[in-house]
Amino acid sequence: MAKRTFIVGGGRFGSSLATRLSELGCEVVVADANTQRVQELAEDGFRAVELDCEDADALRAAGALEADVVVVAVGENMKGSVLATLTLKELQVKHLIGRAMDERHAAVLTRLGADEVIVPGRDMAYRLAERIRRDSFSIRMPLPGEYQMGETVLGAALAGRTLGELHLPAKYKVNVVLVCRSVGDERRVLEPAPELRLERGDTLIVVGLADRLDTFEKAARE
């Protein structure tokens, strides 16, 4: 299932975060009070809604309560950031991340109950997108160059076939390092032999370029 993310604030940070999350296969809603900005976001293909971030009813109607993660991205406007955070906490959203412009701002958001607070110089939009996506799809470990090691749980689409039959290095440009399988209460680690027949729920440890892993994960989790 794609991670649902609700972003309050469609400025540079919010739109960058929305772009990367969309690339990673997440469901994204961007809310902003600026009519022109909402229109531009919609033209770029995002699900964008115009609303006042202090309006609890509007946030509820736009789907904030259904989101797995809500990000308050209006860091430049400290008053708006604080009021949005306060309103969303009162709505009891599942997980609230606030963006702060400095450590003082971060301290205020933390006191208001934000589950996480990021500061642009410490956590940029791209890195935050990766963190949100990892909670839903896989765990990634950076390797030299653009390579990464990913951990992906297999869905139904690729299950029932052997590694040799799937031709993953040729089709997706990724290599399986290990396969982990739960058998009762036991977790077994299996060597990725060509004759190994995969099962739904197997965890595949794979290595490849970041964009290749993204493509493989989308196919593997279906």
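The values are calculated or read from the model by the stated rules, or taken from the named source; none is laboratory data. It should be emphasised that the depicted structure is a prediction, and the values quoted were computed from it without experimental measurement. Using ideal geometry, Cβ is built from the backbone for each residue, glycine included, and neighbour counts are taken over all protein chains shown. Ligands, DNA and RNA are excluded from the accessible area calculation, which covers all protein heavy atoms including side chains. Shrake-Rupley method; radii C 1.70, N 1.55, O 1.52, S 1.80 Å.
Structural remarks
- Scanning region 1-22 for residues that are within 13 Å of the chain's Cα centre (by Cα) and among the β-branched types (Val, Ile, Thr) yields Thr5, Ile7, Thr19.
- Taken together, the residues in region 82-94 that are without any contact (Cβ under 8 Å) to a residue 60 or more places away in the chain and out of contact with any helix residue (DSSP H, G or I) (no Cβ under 7 Å at 6 or more places or on another chain) amount to 5.
- For region 23-32, filtered to residues that are under 20 Å from Ala64 (Cβ atoms) and crowded, with 19+ Cβ neighbours inside 10 Å, the residue that is nearest to the chain's Cα centre (by Cα) is Cys26.
- Residues of region 170-222 that turn out to be over 14 Å from Gly155 (Cβ atoms), open to solvent by less than 90 Å² (accessible area, probe 1.4 Å) and among the charged types (D, E, K, R), as a count: 2
- Looking only at residues of region 167-184 that are of a type in the set (A, V, I, L, M) and in contact with a strand residue (DSSP E or B) (Cβ under 9 Å, 6 or more places away or on another chain), we find that the one that is nearest to Thr203 (Cα to Cα) is Val179.
- In region 54-71, of all residues being buried (at least 18 other Cβ atoms within 10 Å of the Cβ) and hydrophobic (A, V, I, L, M, F, W, C), the one that is nearest to Glu27 (Cα to Cα) corresponds to Ala67.
- Filter result (hydroxyl-bearing (Ser, Thr, Tyr) and in contact with a strand residue (DSSP E or B) (Cβ under 8 Å, 6 or more places away or on another chain)) within region 185-222: Thr203
- Any pair with Cβ under 6 angstrom, 6 or more apart, that starts in region 95-114 at a residue that is farther than 15 Å from Asn77 by Cα and in contact (Cβ under 8 Å) with a residue 12 or more places away in the chain and ends at one that is among the polar types (S, T, N, Q) and surrounded by 15 or more Cβ atoms within 10 Å (Cβ to Cβ): Leu112/Thr85; Ala114/Thr85
- Exclusive hit being more than 20 Å from Asp32 (Cβ to Cβ), outside any helix (DSSP H, G or I) and either of a type in the set (Gly, Ala, Ser) or in contact with a Leu (Cβ under 9 Å, 6 or more places away or on another chain) (or both), set Gly75, Gly113: Gly113
- With respect to the conditions (1) outside any helix (DSSP H, G or I); (2) within 20 Å of the chain's Cα centre (by Cα); (3) free of Cβ contacts under 8 Å to residues at least 40 places away in the same chain, Val70 falls short on a single one, namely (3).
- Scanning region 33-53 for residues that are surrounded by 15 or more Cβ atoms within 10 Å (Cβ to Cβ), more than 23 Å from the chain's Cα centre (by Cα) and not aliphatic (A, V, I, L, M) yields a single hit, Asp52.
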